[in-house]
6 protein chains.
Amino acid sequence: MRPVAIRNIERADAAVLARLGAAGVSTVHEAQGRTGLAKTYLRPAWSGASAHGSAVTVLARPGDNWMIHVAVELCQPGDMLVVAVSSDNYDGMFGELLATSLRARGVRGLIIDAGCRDVAALKELGFPVWSRCISGQGTVKATLGAVNVPVVVAGVAVSPGDAVVADDDGVVFVSRAMAADVAGKCDARIAKEKGVRRRLAAGELGLDIYGMRDALAKAGLVYLDDAGELGDMPQ
Amino acid sequence: MRPVAIRNIERADAAVLARLGAAGVSTVHEAQGRTGLAKTYLRPAWSGASAHGSAVTVLARPGDNWMIHVAVELCQPGDMLVVAVSSDNYDGMFGELLATSLRARGVRGLIIDAGCRDVAALKELGFPVWSRCISGQGTVKATLGAVNVPVVVAGVAVSPGDAVVADDDGVVFVSRAMAADVAGKCDARIAKEKGVRRRLAAGELGLDIYGMRDALAKAGLVYLDDAGELGDMPQ
Amino acid sequence: MRPVAIRNIERADAAVLARLGAAGVSTVHEAQGRTGLAKTYLRPAWSGASAHGSAVTVLARPGDNWMIHVAVELCQPGDMLVVAVSSDNYDGMFGELLATSLRARGVRGLIIDAGCRDVAALKELGFPVWSRCISGQGTVKATLGAVNVPVVVAGVAVSPGDAVVADDDGVVFVSRAMAADVAGKCDARIAKEKGVRRRLAAGELGLDIYGMRDALAKAGLVYLDDAGELGDMPQ
Amino acid sequence: MRPVAIRNIERADAAVLARLGAAGVSTVHEAQGRTGLAKTYLRPAWSGASAHGSAVTVLARPGDNWMIHVAVELCQPGDMLVVAVSSDNYDGMFGELLATSLRARGVRGLIIDAGCRDVAALKELGFPVWSRCISGQGTVKATLGAVNVPVVVAGVAVSPGDAVVADDDGVVFVSRAMAADVAGKCDARIAKEKGVRRRLAAGELGLDIYGMRDALAKAGLVYLDDAGELGDMPQ
Amino acid sequence: MRPVAIRNIERADAAVLARLGAAGVSTVHEAQGRTGLAKTYLRPAWSGASAHGSAVTVLARPGDNWMIHVAVELCQPGDMLVVAVSSDNYDGMFGELLATSLRARGVRGLIIDAGCRDVAALKELGFPVWSRCISGQGTVKATLGAVNVPVVVAGVAVSPGDAVVADDDGVVFVSRAMAADVAGKCDARIAKEKGVRRRLAAGELGLDIYGMRDALAKAGLVYLDDAGELGDMPQ
Amino acid sequence: MRPVAIRNIERADAAVLARLGAAGVSTVHEAQGRTGLAKTYLRPAWSGASAHGSAVTVLARPGDNWMIHVAVELCQPGDMLVVAVSSDNYDGMFGELLATSLRARGVRGLIIDAGCRDVAALKELGFPVWSRCISGQGTVKATLGAVNVPVVVAGVAVSPGDAVVADDDGVVFVSRAMAADVAGKCDARIAKEKGVRRRLAAGELGLDIYGMRDALAKAGLVYLDDAGELGDMPQ
């Protein structure tokens, strides 16, 4: 890793980001072929938040938040700050003061593969954070990392400028190149689900709506009237 | 495991279920001899929910929610759907559409030894879910499991028709055969605790109410006035 | 371990405790040189709570809450009960009845390196608990531990009478001897952060406020205009 | 749970057990429809061990090994002792002295959903143990559990007299009623795998031996000559 | 994710791979700027193994090893098979038969972000595997993934053809483009450490060899003759 | 935490240490009242090792092994180096070069609440290490901690000069003040167990040797001839 901070990156399109944000994490994840979802240990610091934007990426060292300070200057309105750490760390690398600074720059939220703190203040500020844990543990400013280089965050490879969507279901990343295509698939998916939801609410079965009965029979599913019939089946 | 779906099961008695539900998880667990509690990793998808009902059981395969679709049809009003997975899995096997479908059939809630998603929508629907994690990760419909066979969920053996009680303290299962007996013990326990609670609130000590002082002395507890006296004790 | 209950301990000064409580967990932790923070697995049973007080310590055995009953009698108004367990345990050692009893004695909250239960009732009572997990699992009263001896709780060594501060960021302990000194450092820190917060909110950068640019350059951070320049750098 | 010790149980057939033991854990698990495998946290205390036998079951309380002492007397030559705990526990419930006693009674090994200790001595004795962890932590003898009742061990429901097979791959349980049938399926599986192994060693591909190519094509797998062709594919 | 299998990839240079393999995991990791190390949960299935080669990558679905069968055909002598899974999975996706097949094709070892089984046989074959766990749990062949696409394995982004080095210290990946450069840095590092090792063995101190004393003093380290002097220090 | 290195500490008595080492971890733990055992996640880097000595303690920062270098100079023959970290860390803070240096000073082993690396070399050197994990991840030398101050290691409070015993069962600490007393209790325990072991090997039951039958009956244990009798019992 070379200790660099890259000033200019290409960002995802704002209108596309808005459509992805409206679709939400689970729909985006499905629409891009069930990929890009962060591991489930990334959770919102306060529930009910959602956010989307272009990724400004940080590679920090364990117990050291120096590079987050470097990254603030390189953020623009509409960005999401995305922090990876070079080895597993649970310290509270981010708190109220950094949130105040990011908010002043128009940043929409933070994804951090480590801990955050000052959660009561973050909630009051309305600044959304998805983190590995809540931790009051402070950090040092001693060792360089990098800003706006490719990173791996909670199991997903993320490049600067990638689309980020986060809500109560977790965090999903979409490569900038694919973002418009995925947004289109989200729209189609939402339209289709609307009809399905109405039919399910009316009591129709997914088995019938999705036409699963034949496939189940072909796969070998056997319906029995009661458990007593199990004894008559071959093992 | 044979790929079967059993249509008819005997269910726990509705009045008994209501008494168990009113007692709540911790009381039910105590009343049946401190057994039947699911491991603590099963947590409510949204806090404040509680639910009770008869178990319709599902054995699913990891990353595959096909059998949940099969199970919906076999549910009745007042049931709780209880999903086990054949090996550890954290995917979001259950979301808003399945909740809409279960709600349309009168199902009261879901216990799932895997992940769930669409948690904001589940909360808005008021459909309670206890799961291993929140995950947007989608699943396939490719491999058979079984419906209404005995399963192990979060460390507890559960049979179809067993009583299920879930609230903010977690999830407890009671075998159908024992349900009435346990409900009776819950009632007795609640009555007794009411008096104890009043006495404790008035400042009486548990040591006196429960008569523990003799047993403590017999077990060898020594009261010292201050830490300085420790030096005079034999090791 | 000798099975003792020590009646009298020296407590932290009430005015100092109030200042530490007002500062909050993360500030106290920083002010005492980034030490004393409990591991992040200790979480509030209900969010939004905060509490502070002098530690009354308990060493319990796994699955056994007998010593908590012994400790209640030794608590005074303004205390925090702090429960360690002699080996890892996740049972629900503490619930509504014990909370009622502690509240009657003026105890401000509980820190427990095991599970708690009756969380809905605890929230309704407004009795704050920081625990390792929520668990309905009941416990026995069969084996002695100790009260008011030094313990290790969630990775921190705690002595009776130490200061305890807990909020949504977690739990921090301060030795009684250091409490006044740490409170002074908290006050200084809070005063200083107020000015920084205002400047950050106005758009100034931490890089400038904290004067980090020289140190970053000296450490070797290289700013690049875009990723294309990476190719020109030596590895 | 009622505090009982049941003296007489029906055991699995010795010849069937020998065939299951010879097949090994992974083959037995496959042969019974991929069920019955204990969670992977159960590991051998020393590697290279294998064992099989009829289960004598114990339900112990956390941090308390009293019921193991009760169970010893009820074991016969050829048995495996199988210990469940009523809530998660990691203490060293079993060590050299108990192993010496079990060995004197002809017991073949121990499965314990908690910790064991004296591992150097266990290895020297050649007494095989599969446990959740290694722990020197001692236990008390204060609270009753049960012997020879149905239990859940590492996620599997086990009844007294069930077949147990354990080796470096982990632990698998087979219900006594199914044991002969599963042994037959193991034999068939082993015979079939022998031929497959020889063909694979000679360089034939599983794709051809198992005839997977058509199914892969039907499922939609696309072969590309190189990554450059990805650009020509529809998303 | 598109379901593709890419036949031809560029591989890392064999001579470079040999130098990286000789350097070992920890040295390679340091030489490339402390990056590329897999998370520590990837452990050797049997200790004492080491291996290196070019990565053939697989993206599998949870509980489904179909794509591993597809990948075998695309491997060449000197390759390492590297298997990612699209969500966390602990099943035994790989065992003796697949190892026999890979060995017949000259593959040097397996890295799998899931479980493996038949460990006794793998050890006997001398086929090295680094996996997340040991598990006898079998898998299905039902859902497509991809072969030779970029993946994330145990927290590291890996592309087909990247260099892989694995030993008792874990697993490290080096991008193909950097491999020669990193090998050069390894050689330099090894040469330098040889001299340091000899001096340390002779009793010289790292403090002196590395010239740390000034930096420590400047950072503020204070040497005290004994703990009694602590009382004289300002906090 | 003040950044100090304390040069002179009082050490545990060599003869007492030898007796504790001969007794082994589990016996020492029992002999001092079942206290002082490190959490079970501390495991030997290579099995079969055992070591004992006086603790030289280090408090390091996450991802930073600078203070270990400081500590080496302060070690004497017969010491054990004991490293705590100020927040959870899994990096490979210790490897072959530091082991070479410690060995040159007569240090007997390392206990580290973080990772270690170069495990093949450590085994070849015969230098024993108990660590949280194996990790090739390198560390920096940038931030001060302290040497020879009280620390908490894997859940146990340890002071400089305390006795340390480590073997395949884990790690136990004994305060210097109690060491002689605990060694005496170990001797008594070993003498007593020798007789018990012989009787157990001869087929006597622990139930009889320890005289447990009365206590079991008094506690309410009921022996049944077979499971059929359960139906006749009151719940």
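Laid out as a table, the results:
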{"read-out": "Ranked B:73, F:10, criterion: other C-beta atoms within 10 Å, fewest first", "value": "F:10, B:73"}
{"read-out": "Cα centre as origin, Lys/Arg/Asp/Glu Cβ charges: the stretch E:1-81 dipole, Debye", "value": "220 debye"}
{"read-out": "Order of F:175, A:86 - criterion: other Cβ atoms within 10 Å of each residue's Cβ, fewest first", "value": "F:175, A:86"}
{"read-out": "Local net charge near residue C:31, Cβ-Cβ under 13 Å (Lys/Arg +1, Asp/Glu -1)", "value": "+1"}
{"read-out": "Cα gyration tensor shape for the stretch B:44-168, rounded if a/c is under 1.5, else prolate or oblate", "value": "rounded"}
{"read-out": "Euclidean distance between Cα centres, the stretch A:106-160 to the stretch E:161-210, Å", "value": "32 Å"}
{"read-out": "GNM flexibility winner over chain C from C:17, C:59, C:97 (Cα, springs under 10 Å)", "value": "C:97"}
{"read-out": "Cα-based shape type of the stretch C:110-235, given that a ≥ b ≥ c are square roots of the gyration tensor eigenvalues and the cut on a/c is 1.5", "value": "prolate"}
{"read-out": "Residues E:187, A:169, sorted so that the one with the fewest Cβ neighbours within 10 Å comes first", "value": "E:187, A:169"}
{"read-out": "Charge dipole (debye, nearest 20) of chain C; +1 at Cβ of Lys and Arg, -1 at Cβ of Asp and Glu", "value": "820 debye"}
{"read-out": "Distances in nm from residue D:14 to the matching label points in the other copies, shortest first (labels 7 Å along Cα to Cβ)", "value": "5.7, 5.7, 5.7, 7.7, 8.3"}
{"read-out": "Shortest-first distances to equivalent copies, position residue C:177, nm, label 7 Å out along Cβ", "value": "1.3, 5.8, 6.3, 6.3, 6.8"}
{"read-out": "Label distances, nm, residue F:197 versus same residue in remaining copies, Cβ-directed 7 Å point", "value": "3.9, 3.9, 5.5, 6.4, 6.9"}
{"read-out": "Assigned charges on the beta-carbon of Lys, Arg, Asp, Glu; the protein assembly as shown dipole about Cα centre (debye)", "value": "0 debye"}
{"read-out": "Of F:184, F:109, F:211, the one that fluctuates the most in a GNM where chain F has Cα springs shorter than 10 Å", "value": "F:211"}
{"read-out": "DSSP beta bridges in the protein assembly as shown [antiparallel fraction, %, rounded to 5]", "value": "45 percent"}
{"read-out": "Cβ-defined net charge surrounding residue F:88, 10 Å radius [Lys, Arg +1; Asp, Glu -1]", "value": "-1"}
{"read-out": "Shape call, the protein assembly as shown: gyration tensor on alpha carbons, a/c limit 1.5", "value": "rounded"}
{"read-out": "Antiparallel bridge percentage (DSSP; both residues within the stretch E:14-187; nearest 5)", "value": "50 percent"}
{"read-out": "Efficiency of FRET from Cβ geometry, residue B:14 and residue A:215, R₀ 35 Å, rounded to 0.05", "value": "0.50"}
{"read-out": "Of F:200, F:37, F:125, the one that fluctuates the most in a GNM where chain F has Cα springs shorter than 10 Å", "value": "F:200"}
{"read-out": "Dipole axis of chain A (+1 Lys, Arg; -1 Asp, Glu on Cβ), positive-most option in A:156, A:56, A:183", "value": "A:56"}
{"read-out": "222 nm mean residue ellipticity, helices alone, for chain C (DSSP H n ≥ 4; -39,500 (n - 2.57); rounded to 500)", "value": "-9000 deg cm²/dmol"}
{"read-out": "Chain A residue with Cβ closest to the axis mapping A onto C, distance in whole Å", "value": "A:47, 5"}
{"read-out": "Subset of B:123/C:39; A:141/E:218; B:141/E:141; D:194/D:218; E:194/F:141; B:218/D:141 violating a 23 Å alpha-carbon distance limit", "value": "B:123/C:39; D:194/D:218"}
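Computed from the coordinates by the stated procedures, all read-outs in this text should not be read as laboratory data. Computed from a predicted structure; not experimentally measured. When we count neighbours, we look across all protein chains shown, and the Cβ atoms used for this are built from the backbone with ideal geometry, even at glycine.
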